[in-house]
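See below for the structure under consideration.
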Amino acid sequence: MSKIKLHQGGEPATPATGTALIYIDSADGLAKQKDDAGLVTILANVPAVAPTHASTTGQTADDHHAKLHSATHGPGGGDALKLDDLEVPDDNTDLDVSITKHGLTPKLPNDATKYLNGVGGYTVPSSVVPMILSFANDQKIPLKAKDDTYMTEAIIGYPGSTLMGVPTTIKIETTDKDGSITYDVKVFNLTSGLTIVEKTGISPAVPLVYETIDLGTLANIPTSYSVWEVQIKLSAAGAGKEAYVASLSMY
């Protein structure tokens, strides 16, 4: 009977006469025996032993690295990897959230006026000022001008652009009594004494049928609270002449 010796390392040289060496082949992780004639035999019923972490040659899906890493370092594992313990990522968009996948927040733009929108980009939201003054579309209630001197017909309390944003448009629903007159409408800031907008020479096409008129470019928008007046007058006075503003909207 040959002497059996254990060998540590890879495949050994042919042993001395009357000796056999048992070893773990580092190439495939199998337990093998090499006799004094140089014949190598795979030992039956001896489980393969996976190499250490430093030697991954010959690993398969069932070996240590595939199983133990997942169980140990995955969620709930004894050595689970946490996001905040990983290395600082590269400065790129690889992990950014998108409309097709979950992800991380995109890199901040260093701009306090921008916010993350629904498609993954940073944009400045539009400031929309809701309608803050309206009148029923009825000839019994509308603002009405009967002479050629501006008269205050309504009051607007404007909160200021800091709170409400900057309006860009003021429109009125307006008409006149007989279709033969022209008239003017002004929005005046009573607090500052400045005109916000003035539209002159308004002349609706059809009498007593309301149409929408844009008063034009706005100016002198205050940042804080102020009181505005809606004023209306005929371009030229005349008996029986009347103009109406049934509603005003600002946005």
Wholly within the range 186-251, strands (runs of 3 or more DSSP E) carrying at least 1 residues that are closer than 30 Å to Thr162 by Cβ and in contact with a Phe, Trp or Tyr (Cβ under 9 Å, 6 or more places away or on another chain)
194-202, 226-234, 243-250
Exception for Asn92 within (1) closer than 30 Å to Thr162 by Cα; (2) loosely packed, with under 10 Cβ neighbours inside 10 Å; (3) at pLDDT 90 or above falls at (1)
Please list, ordered by first then second residue, the pairs with beta carbon atoms under 6 Å, 6 or more apart or interchain, first in the range 166-181 and closer than 16 Å to Leu234 by Cα and without any contact (Cβ under 8 Å) to a residue 12 or more places away in the chain, second of a type in the set (Asp, Glu) and not in a strand (DSSP E or B).
none
Looking only at the range 228-241, decide whether some residue is over 19 Å from Met151 (Cβ atoms), touching a residue at least 24 places away in the same chain (Cβ under 8 Å), surrounded by fewer than 16 Cβ atoms within 10 Å (Cβ to Cβ) and assigned by TED's automatic domain parsing to the domain that holds Asp148.
no
Output the residue which, of all residues in the range 158-191 that are basic (Lys, Arg) and under 29 Å from Thr223 (Cα atoms), is modelled with the highest pLDDT.
Lys186
If you go through the range 172-198, how many residues are within 45 Å of the chain's Cα centre (by Cα), more than 20 Å from Ser224 (Cα to Cα) and crowded, with 16+ Cβ neighbours inside 10 Å?
7
Can you find, within the range 1-16, the residue that is modelled with the highest pLDDT among those that are in a loop (DSSP other than H, G, I, E, B) and surrounded by 10 or more Cβ atoms within 10 Å (Cβ to Cβ)?
Thr14
Taking the range 112-152 as the search range and keeping residues that are within 27 Å of Val209 (Cβ to Cβ) and modelled with pLDDT of 80 or more, which one is nearest to the chain's Cα centre (by Cα)?
Thr152
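The values are calculated or read from the model by the stated rules, or taken from the named source; none is laboratory data. Note that the structure is a prediction, hence the values are computed from the model and not measured. When we count neighbours, we look across all protein chains shown, and the Cβ atoms used for this are built from the backbone with ideal geometry, even at glycine.
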